[in-house]
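First the structure, in the form of structure tokens, and then the observations on it.
The values are calculated or read from the model by the stated rules, or taken from the named source; none is laboratory data. For clarity, every value in this text was computed on a predicted model and none was experimentally measured. Here Cβ is always computed from backbone atoms with ideal geometry, including for glycine, and neighbour counts include all displayed protein chains. Keep in mind that these areas ignore ligands, DNA and RNA; they rest on the heavy atoms of the full protein, side chains included. Shrake-Rupley method; radii C 1.70, N 1.55, O 1.52, S 1.80 Å.
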Amino acid sequence: MALASTTRTASASTAGKLNFYTPAWAGWDEHVVRWSSYKAPTFSAVFLPETEEELSEGIAHLAKHRIPYLATKIAGHGNSPTLGTYQDVIQVNLKHFRNITINPENTVTVGGGAKWEDLIPRLRSAGRELTVGSFPCVGVHGVMLGGGMGRLMGTYGLTSDGLLRMKVALWNGTIVEASDEALSDLFWAMRGAGHNFGVAIESTLQTWPDQGGLHYNADMVFTDESLAGVLTVANRLIRKGLDPAVGLVIGYLYNLELDKPVLMVNIVYAHDEEAGRKLVAQFSSTTTETERPISRVFLNETVLTFAELGSGDALPSVCRTDQYQNLYTASSPTTFDVDAMIEVYDSYGRFLREHPAANASILLFETTSRHRIDAFPDDHTAYPHRGRLGTNAIIQMTWKNDRISAAVDRWAKGARDSLAAPAVSGDQRPHVYINYANADEPPAAVYSYDPIRQARLSALKRKYDPYGFFNAYHPIPLHPGQWNLLREGGWWSIPPFPRACPGQ
Ligand SMILES: Cc1cc2nc3c(=O)[nH]c(=O)nc-3n(C[C@H](O)[C@H](O)[C@H](O)COP(=O)(O)OP(=O)(O)OC[C@H]3O[C@@H](n4cnc5c(N)ncnc54)[C@H](O)[C@@H]3O)c2cc1C
């Protein structure tokens, strides 16, 4: 295929007048930059459609010539190592699909290339809200296609639980609309396993009144010795049942000046400052003698708007691009294991002292009420973890020097393994949220251990992506029999590139 290296020029004659750019293009670096350079996809050309028709035509052209492609946006935040199997592919850049429309019937339509920073301020202005991701720089669809965890999920469920319809370009460029009424099988799949089936052009989501749009926010820092006490309070709250309005995050960060880890807790109480203050008082320094004392050294209580909550201001460095990033996760259906969490805290400090180039790495342990998510039947959507993820550990490693990549990976995997061990997590087998998954988990841990569900996903893969164009992100096996073969690291045996397919 001939590609144009300058502006709007025809590529191959069959492709018509489409925007394909090669590395000689002045805008190249700015378009191919990624959040993480670790096991990242690489591109031989950028396809920059401006309209749905161009997107459809371009994908049809790529499919016809069996040229692999990856839909993404500027600074894509997917950091699953499976993305690294896509080397020298065509980038389908969705930067012209960042449209946001607030609709009269209390819904919002979001373009396939929109980021949270496009959506959140518009919802705020309209006095509406929905479950949104925690950082502004990340893609709405990248998050939602895996289910969509984030702020307000205790109240509204997963982002994809509020999805009403989605317009999708299939592998051959055909544009379809999926909803409960039309192509309901595809609609089911796009909510939890959606990276596997097409390019989402736009989605329409339900919104809710924002009740004034103010959220109590508390940031706290504790001494190292407080960890057992802090976890004991958090576990007590979880056992009692967290209010749906609460989002609680325990964080391990590294303080460069002190050259040691720092224990922080962030609590958001949606729409209710008074209740928030009461909850946070439970994390006050202990005044009487106790086995698990708490010494709180910092407390900042604020009331934030919905837009400020999603601004990422609390951890602005998280949105920096072009570093090495590697994520492992572990979940528990119940509470935090105090001993294992202390062990990981100490080990984190030791590792970062030995490897200062990785000291921007952070560990976040999130919990929210799962009541709303778990209220849906298990097979409501392709998201497979209802009733299972009470807490999530996010071991987010960040470093600057490829020489330490192997050491970083080894440590993070070890920390994950210790938190995911059945005696610690309370789960006999791991359950892994796709958007936090690495690549060494068995596909069943990500998509479901249920053979019926696996067969359903494989049948959908054969129907909607028979040649494997969408195999970059935790690819679903084409055949039910393959699931058992794909144990640890099984993703690698699924061909990353389109298998032979007939010309159209
Ligand atoms: C800083 C940070 C914060 C995060 N916060 C959250 C969070 O709050 N909640 C949560 O659930 N996850 C969160 N994640 C995980 C996140 O969901 C995944 O990393 C996700 O893959 C990022 O999507 P993206 O669109 O930004 O990245 P990309 O690299 O562009 O895309 C990732 C995958 O999604 C596919 N994709 C993206 N857009 C489309 C589309 N329109 N149609 C079809 N396929 C598409 C791509 O092809 C690729 O396979 C976070 C990640 C980071 C790095």
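Computed from the C-beta positions of A375 and A24 and an R0 of 41 Å, the FRET efficiency is 0.15 to the nearest 0.05. In terms of packing, defined here as the mean over residues of other Cβ atoms within 10 angstrom, the peptides 241-248, 360-367, 189-196 line up highest first as 189-196, 360-367, 241-248.
The gain in end-to-end length when the D224 to N484 segment is fully stretched comes to 89.3 nm, 0.36 nm per residue minus the alpha carbon separation.
Once the Cα-Cα distance is subtracted from the 0.36 nm per residue extended length, the T288 to A407 segment shows a gain of 38.6 nm. For S361, the residues 5 or more places off, or on other chains, whose built amide H falls under 5 Å of its own are T398. Just the protein heavy atoms count here, and of the accessible area of region 176-277 at 1.4 Å, carbon and sulfur take up 50 percent.
Taking Cα atoms only, the orientation of helix 116-126 departs from the longest principal axis of the chain by about 70 degrees. Maximal additional length on extending the E274-K240 stretch stands at 10.3 nm, based on 0.36 nm per residue less the C-alpha distance. If you take the beta carbon distance between T334 and I452 as r and set R0 to 35 Å, what does 1/(1 + (r/R0)^6) give as a FRET efficiency, to the nearest 0.05? Given R0 = 35 Å and the Cβ-Cβ separation, E is 0.85.
Put simply, the amide H of Y69, placed in the peptide plane, has neighbours under 5 Å in I90, leaving out anything fewer than 5 places away on its chain.
Centre-to-centre, using Cα atoms only, region 260-276 and region 297-369 are separated by 14 Å. Note on region 421-451 and region 37-112: Cα centroid distance 28 Å, given to the nearest whole angstrom. When you work out D = kT/(6 pi eta Rh) for region 100-209 at 37 °C and 0.692 mPa s, using the Kirkwood radius from C-alpha pairs as Rh and the Stokes-Einstein form, the result is 240 µm²/s. Think of it as helices only: each DSSP H run of n ≥ 4 in the chain is worth -39500 (n - 2.57), and spread over all residues that comes to -7500 deg cm²/dmol at 222 nm.
Of all lysines in the structure, those lying under 24 Å Cα to Cα from K167, and not within fewer than 8 positions of it along the same chain, are K17, K64, K73, K95, K115, K461, K463. Solvent-accessible area per residue in the chain equals 39 Å², computed with a 1.4 angstrom probe and all protein chains kept. The angle between the Cα long axis of helix 338-354 and the main principal axis of the chain comes to about 70°, on a 0 to 90 degree scale. When you restrict to C-alpha pairs under 8 Å that are six or more residues apart and normalise by the size of region 13-93, the relative contact order lands at 42 percent.
Close amide H contacts of T334 (hydrogens built in the peptide plane, cut-off under 5 Å, sequence separation of 5 or more or a different chain): G390, T391.
Applying the Karplus relation 6.51 cos²θ - 1.76 cosθ + 1.60 with θ = phi - 60° to region 380-385 yields 3J(HN,Hα) values of 4, 9, 6, 5, x, 10 Hz, where x marks Gly and Pro. Placing a pseudo-label 7 Å from each Cα along the Cα-to-Cβ vector at H96 and S179 gives an inter-label distance of 2.6 nm.
Can you work out the FRET efficiency for the pair E52 and N255, with r the C-beta to C-beta distance and R0 = 51 Å, to the nearest 0.05? Efficiency for this residue pair is about 0.55.
Packing order of peptides 138-149, 459-470, highest average first: 138-149, 459-470 (average count of other Cβ atoms within 10 Å over each peptide's residues). Positive-end ranking of I434, L242, A407 along the dipole of region 214-441, with charges on Cβ about the Cα centre, is headed by I434. If you take the alpha carbon atoms of region 206-317 and fit the smallest convex hull around them, that volume is 121 Å³ per residue. When the charge dipole of the chain is built from unit charges on Cβ atoms (+1 for Lys and Arg, -1 for Asp and Glu) and taken about the Cα centre, the candidate among T288, Q211, S80 whose Cα reaches farthest toward its positive end is S80.
Each Cα pair under 8 Å and six or more residues apart adds its separation to the average, and for the chain the resulting relative contact order is 16 percent. From the alpha carbon centroid of region 177-228 to that of region 124-162 is 3 Å. About its Cα centre, region 400-439 has a charge dipole of approximately 120 debye under the convention of +1 per Lys or Arg Cβ and -1 per Asp or Glu Cβ, with nothing else charged. For the chain, the alpha-carbon coordinates run over 79, 53, 48 Å along the three principal axes, in decreasing order.
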